[in-house]
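Let me begin by presenting the structure, written as structure tokens, before commenting on it.
The values are calculated or read from the model by the stated rules, or taken from the named source; none is laboratory data. These numbers come from a predicted model, not from an experiment. Don't worry about glycine lacking a Cβ; one is built from the backbone with ideal geometry, like all the others, and counts go over all protein chains shown. Protein only, heavy atoms only, side chains kept; ligands, DNA and RNA dropped before computing areas. Shrake-Rupley method; radii C 1.70, N 1.55, O 1.52, S 1.80 Å.
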Amino acid sequence: MSEWEAGCPRILSIDRVDREPVGGKAAGLGQLTRIGLPVPAAFVIIDAQVDVFPDDLMAHYQAVGGGRVAVRSSALGEDGEESSFAGQFESILNVQGETDLRQAIAGCVASLSGKAAQAYQNDQGGDRQKTMCVVVQAMVDPRAAGVLFSADPVSGRHDRLVIDAVSGLGESLVSGAATPDHYVLNLENEVLNRELVGETAILSDEQIEALARGARRAVAQLGNPLDMEWAIDEEGALQWLQARPITTLGNDLNAGATAIASSDVITRCNVGEMMPGPVCPLTFSTQGRAIEHGMQHMHVCYGGRPSITDDWTQINLFFGHMFINLTGGLEAARYVSITNAESVGQSLCGRVIPELQDPENKKSLLRRIWGSFQFVRYCLKATQVIAEFESRFRHFHIRYKNDSVAMAEEMELQFPWLLEADEVHLRSSAYSGAMEGLVQGIVGGRDRDSDLDRKAAHQAEAARLLAGASFVESAMMVEHLDEVVDAIALDSAEVKKFRAASVEEALAWLQGPDSGAAGMGFRSFLRHHGHRGYRELCVREKAWADAPAQVVQTMQASIAARVAGNYRPKQVAALDLSELKRSLGFLVPRAHLAIRQREQTKSMLVDATYRLKCGYRHLGVLLAGEGSLPDADLVFFLSREELSEFCRRPTKNRVDLMVKRRRALEFQEKLEFEDVYVGFAEPVDPGIPAAVGKGEYVGRPVSPGVVEGRARVALSLEEAAALEPGEILVSHVTDIGWTPYFSLIAGLATDVGSAVSHGAVIAREYGLPAIVNLRVATRVVRTGDWVRLDADKGILSVLSEHAEATPGSA
């Protein structure tokens, strides 16, 4: 039988490798050779076997120099886009002579059936490899060697290139025997981070530049982020030894970024509270578009904007995170005399933003007075607009279809409800913000002095006046849940069983026939508030109605507080309006009404979102049932426009993109940002900022009082479940999903927020001292620290540190 027949080993020189099935390693070398990058002479044995060798083996060996060679496995499927098989097959260095060469080839082939490789294949869920190809490559005597990642495999960022370098052979790096010099570069090949093992760098700047240029060239030609091995010989010549796709990456983390002017000022404040963390593509194209629409609608009503467009003028997206464009919002200041850079910064960020400047080309004073009148009218019509929308909103229902195309059409048909819900909520928010601003302005007068204590006292007094608004939905929700817990607490035996039960067991009891008044109350709570939940404006996130275990966790913690005697019921002193100056006596009740309306419209907005998210989830189930998606959750990783097209014409390329986007979201969740940027938003490596005093951090007091206690740093609801009664909650932000914990805590401190933030409103309703906009609280406070929360002055103090705590630990 000829050696060219199927199943017999044969040889190709590496420069002749094209579409032959030669395995990932050989294919990568062939691609590098074809695009002109320097690669050591090599050949590949196709269908290599343990004891059968091609007749021309030694001729090819002599053609690559006849000296020392590296013999490496190149199994089909190895070093591919799906799996790397890194370290699972054999590689043998410094092989010389015919006998050693044959033994090395046989060793590579034998590793195909090794236990490690077979276990790896089983874990990957694929078919076992049956064919091994073997690369024989001339050895390089390196002065330096290492690996290069064209995208950062740790952070997932495609705009970072990482180089690790060691002296001598790169195998010491791969095996972990040597610690490398570490370099991180940006897209312009500038070195952002340089970590050296010794006093002198292993690589010169010119060599770093050459490596980066070569890698960029390879990525541009091959179309994938690459994991590459390289060596620099004693003469300084660079050789590329290997290239394979990085299998752990998702999509480019900044894919889908919106266009922005380099002078635009953007912020994560406000929108970061409403939508903490990154958003999936479907959320941005629904909720992001709805917020943009609502903000443009505001400016059409009073800010001189001629019409609503599809442009992103108010909302931006960077690295999967939503930002508010302050410059776009400040455009209204050209037409409205009462809007300026200071008021926009205070309302959205809780402070003046120095980078934000008033526009220069303002309209005439008369035009701006007219714009201010239009703004007042816009706010005063809130009550009428809310009532009219609520009467129609009752008739909003999504009709569930049995095929994906019809369901996608139904979702597009109902989407305008979300646009209008955002219009109404932003109107009520503007009215509430204006009323609260008036109250704060009267309390503080023209308070522009630098006396921080006096300013904080004025803010605390304004917060006291704003507390106590009755029938605020988010506060009523807590009262409703407390009633359910009270029903359980009446029976000591039930209390014991409820506390001891797992969350799943407790939920099953509440939903069962033997739970009595508690069960009835729990089911009533979900009927009224089941559309709410953590990250409730994200269409992918499940609401309490779909994931009630979140609520049960807080109920068990509340029961524990009652047993320990640390339960804190709502306790806000009633206001005596007769004691207030006449202007405040007139404004405070109207501010309370505005707060109630804002919470009411927020609930309607969340309800509209909930109905859409249920519809999209059903659409995902349909697509999975039709075989278009491997799992229903992937539906959230296309935009609305892409999703409609996919339902009509599903393709594997789109599915692959959805999988990569979902993987990218896991990396985006680890990113942190500054509060404010000018132009493009760049993720930062968080540092610990300096305190204003030793262990003291200043924020904005939004609910007065002073309390000392043990800190509980919780960045997620899962971490919040560990809260113990009387602890001070320290979090980046809270939304409605955190509300049930407010009956347990003694105080609240958050990194971001304002006087109208969720946490501020609920803290005031419960009489909890609260400070927001601390910016760094979750990075400087540790769970177990003893802290003092002075919400009269807006100062969070770390009095003593917990020896075993870590920042953010729960």
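Descriptive notes on the structure:
- Flag for T554 being among the polar types (S, T, N, Q), open to solvent by less than 20 Å² (accessible area, probe 1.4 Å), outside any loop (DSSP other than H, G, I, E, B) and modelled with pLDDT under 95: yes
- Close pairs from the stretch 535-559: first under 14 Å from V478 (Cβ atoms), partner open to solvent by less than 10 Å² (accessible area, probe 1.4 Å) and among the basic types (K, R), Cβ under 9 Å, at least 6 apart: W544/R532
- Restricting attention to the stretch 417-473 and to residues that are more than 19 Å from Q597 (Cα to Cα), among the small types (G, A, S) and open to solvent by 40 Å² or more (accessible area, probe 1.4 Å), the residue that is modelled with the highest pLDDT turns out to be A457.
- Qualifying residue in the stretch 188-203 (condition: within 24 Å of K670 (Cβ to Cβ), in a loop (DSSP other than H, G, I, E, B), in contact with a helix residue (DSSP H, G or I) (Cβ under 8 Å, 6 or more places away or on another chain) and open to solvent by 20 Å² or more (accessible area, probe 1.4 Å)): no
- Every residue from the stretch 27-77 that is in a loop (DSSP other than H, G, I, E, B), hydrophobic (A, V, I, L, M, F, W, C) and over 15 Å from E98 (Cα atoms): I35, L37, V39, A41, A48, L76
- From G759, G784, G737, G753, residue being in contact (Cβ under 8 Å) with a residue 12 or more places away in the chain, open to solvent by less than 20 Å² (accessible area, probe 1.4 Å) and out of contact with any Lys or Arg (no Cβ under 8 Å at 6 or more places or on another chain): G759
- Qualifying positions in the stretch 260-286 - of a type in the set (S, T, Y) and assigned to a helix (DSSP H, G or I): T283, S285, T286
- Condition check for R213 on (1) free of Cβ contacts under 8 Å to residues at least 12 places away in the same chain; (2) in a helix (DSSP H, G or I): one failure, at (1).
- Any hit, the stretch 75-86, residues being of a type outside the set (F, W, Y), at pLDDT 90 or above and open to solvent by less than 20 Å² (accessible area, probe 1.4 Å): no
- Among the candidates P278, P306, residue that is touching a residue at least 60 places away in the same chain (Cβ under 8 Å) and in contact with a helix residue (DSSP H, G or I) (Cβ under 9 Å, 6 or more places away or on another chain): P278
- When G345, G294, G272 are checked against the criterion of being of a type in the set (G, A, S) and modelled with pLDDT of 90 or more, a single residue qualifies: G294.
- Any chance R598 is out of contact with any Lys or Arg (no Cβ under 6 Å at 6 or more places or on another chain), part of a helix (DSSP H, G or I), of a type in the set (D, E, K, R) and open to solvent by less than 30 Å² (accessible area, probe 1.4 Å): yes
- Per-region count, the stretch 509-531, residues of a type outside the set (G, A, S) and either surrounded by 18 or more Cβ atoms within 10 Å (Cβ to Cβ) or not in a helix (DSSP H, G or I) (or both): 9
- Pairs with Cβ under 6 Å, 6+ apart, first in the stretch 417-444 and over 20 Å from F396 (Cα atoms), second hydroxyl-bearing (S, T, Y) and in a helix (DSSP H, G or I): S428/T601; G433/S347; I442/S583
Residue-by-condition table, conditions (1) touching a residue at least 12 places away in the same chain (Cβ under 8 Å); (2) among the β-branched types (V, I, T); (3) more than 24 Å from E436 (Cα to Cα):
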| residue | (1), (2), (3) |
| --- | --- |
| I338 | yes, yes, no |
| E342 | no, no, no |
| P354 | no, no, no |
| R394 | no, no, yes |
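- Within the stretch 714-758, the set of residues being assigned to a loop (DSSP other than H, G, I, E, B) and more than 21 Å from R779 (Cβ to Cβ) comprises A721, E724, P725, G726, L744, A746, A755, V756.
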